[in-house]
Each structure stands twice: as structure tokens, then as C-alpha cells.
Amino acid sequence: MIDGILLIDKQRDITSYDVIRKLKKVLPKKQKIGHAGTLDPFATGLLIILLGKATKRMSSILQLKKKYLVKAEFGYATDTQDSTGEKINVSENLEKISKEKIVEEIGKNFLGEIEQTPPAYSAVKIKGKRAYELAREGKEVEIKPKQVHIHSFEIVKYDWPFVSFEIECSSGTYVRTLVDDLGKCLSTFATAVELRRSEIGEYDVKDALNSKDISEKTVLEKILKLED
């Protein structure tokens, strides 16, 4: 059995469990394996895979702060809060919002401890069922708001109606919900069209193995040994 941590750069349009399934094909049979922190299929970036004794570290890794790059498109909202969903609101006669105005709004409402309501299309459990399962069945989903911490929320590219942000936040933060809420605060709508997780605590996607390149050889080369 292998004990260690493996950093994977998840490609778009596959689930986090698809990565596990792919790894199981190249790892020893009955290998203990888990991942710390799911990524939506439409998102790319850092997925931490725990092998053997490293699975005991799952709860501590899940609590680490995370860094994301998100590209938002202003002017419409979808039912999933990202580009995979159906449009539910569209701004008529969308007016250009200045970079300065967006920065001002972030400073007022989106830094430090904030309250957010996870989206209906999320993995939050409601009476034992995932919220997204209920949403897909057309059932009404009522999710309670929760406290999250936003350490930083900065514009890295402004190309209206597209604006890209780098966000560092606590575990459990929904970045696509931050984008959706920001749009509403600016009296319009906004949707996440690209999302990439770049860091989890000290772990960086730059050191990760691309999920397209998973093989027995590449996996063994990339495993981080456990430190006592």
C-alpha cells in the first residue's frame, strides 16, 4: 500500500470522483484513497488526493484556506450560478460598471466574515440528500446561510463585461455564489464562466500532475511522502 499525498490538476468537465476512478486503475488493488475538497466538473485546478495513512489528515486539510481564480461575466444569472446552467435573469441595457465601483463594493460587502447561502446546485446535504439532486428533480431547495471568511478578493483583469478575480477564502466558500451576490449588489447579474483553484494551504497547483497525464509512472513520481 502507498502512503502519501498526490496533487492533481483537474481538467474541466470531469468530476472529482472521475479522478479517483482513473487513479484506482494505476494504483495497487485495495489502495486506500480519498480526496480533500471537491471541485465542480466545470472547475479546474488543485485537487488533493490522500493515499493510505494520509487519509487520516483529511479533516485538517479540508480546513485549509483556498485560493481561486474566477472569471465572471456580468449581465445575466443562471440557475447554477455558472456557465453550465440555464439563464434565469438577464440585464436589459447593461451599463458598464467601472473597475473602481466593483472594488468599492467588494470592500464594503465581501471581505472578512460574511454570510452566504450555498447554491441549490451544490453538494450540501438536506435530510440526507445532496441539494443538487433535489434541484435536478425540480424540488424546492431551502439552504440555510452560513458564515465564511474572505481573506482577499482582488480584480486581476478587467475587460467589461468580463472581470477576473483572485479570491482567497475559508473552506466551504462558494466562489460562484460570491460572483452571483456581487452582481446583485451592483444592481445587475453576474455568472462564473471560468473557475480554477490554484492553492490549498501550502499546496500549489504548479506542483500538481495534470489529470490527463495520470499513469502508474507519473503518479509514483509525484507522490509526496508523509512527514512524521
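The values are calculated or read from the model by the stated rules, or taken from the named source; none is laboratory data. Since the model is a prediction, treat every value here as computed from it, not as a measurement. Reconstructed Cβ throughout: ideal geometry from the backbone, glycine too, with neighbour counts over all protein chains shown.
Scanning the stretch 13-33 for residues that are in a helix (DSSP H, G or I), surrounded by 16 or more Cβ atoms within 10 Å (Cβ to Cβ) and out of contact with any Ser or Thr (no Cβ under 6 Å at 6 or more places or on another chain) returns ILE20, LYS22, LEU23. Out of all the residues in the stretch 184-215, which are among the hydroxyl-bearing types (Ser, Thr, Tyr) and out of contact with any helix residue (DSSP H, G or I) (no Cβ under 8 Å at 6 or more places or on another chain)? Matches in the stretch 184-215: SER187, THR188, TYR203, SER215.
Among the numbered conditions (1) in the same structural domain as ARG21 (by TED's automatic domain parsing); (2) in a loop (DSSP other than H, G, I, E, B), the only one that LYS206 does not meet is (2). Restricting the search to the stretch 34-50, which residues are in a loop (DSSP other than H, G, I, E, B) and of a type in the set (Val, Ile, Thr)? THR38, the sole residue that qualifies. In this structure, SER187 qualifies as assigned by TED's automatic domain parsing to the domain that holds SER91 and loosely packed, with under 13 Cβ neighbours inside 10 Å. From the list LYS53, LYS67, which residue is touching a residue at least 60 places away in the same chain (Cβ under 8 Å), in a strand (DSSP E or B) and surrounded by fewer than 21 Cβ atoms within 10 Å (Cβ to Cβ)? Just a single option satisfies the conditions, and that option is LYS67. Tell me, yes or no, whether the stretch 112-134 has at least one residue that is outside any strand (DSSP E or B), at pLDDT below 95 and among the charged types (D, E, K, R). Checking the stretch 112-134: at least one residue is outside any strand (DSSP E or B), at pLDDT below 95 and among the charged types (D, E, K, R).
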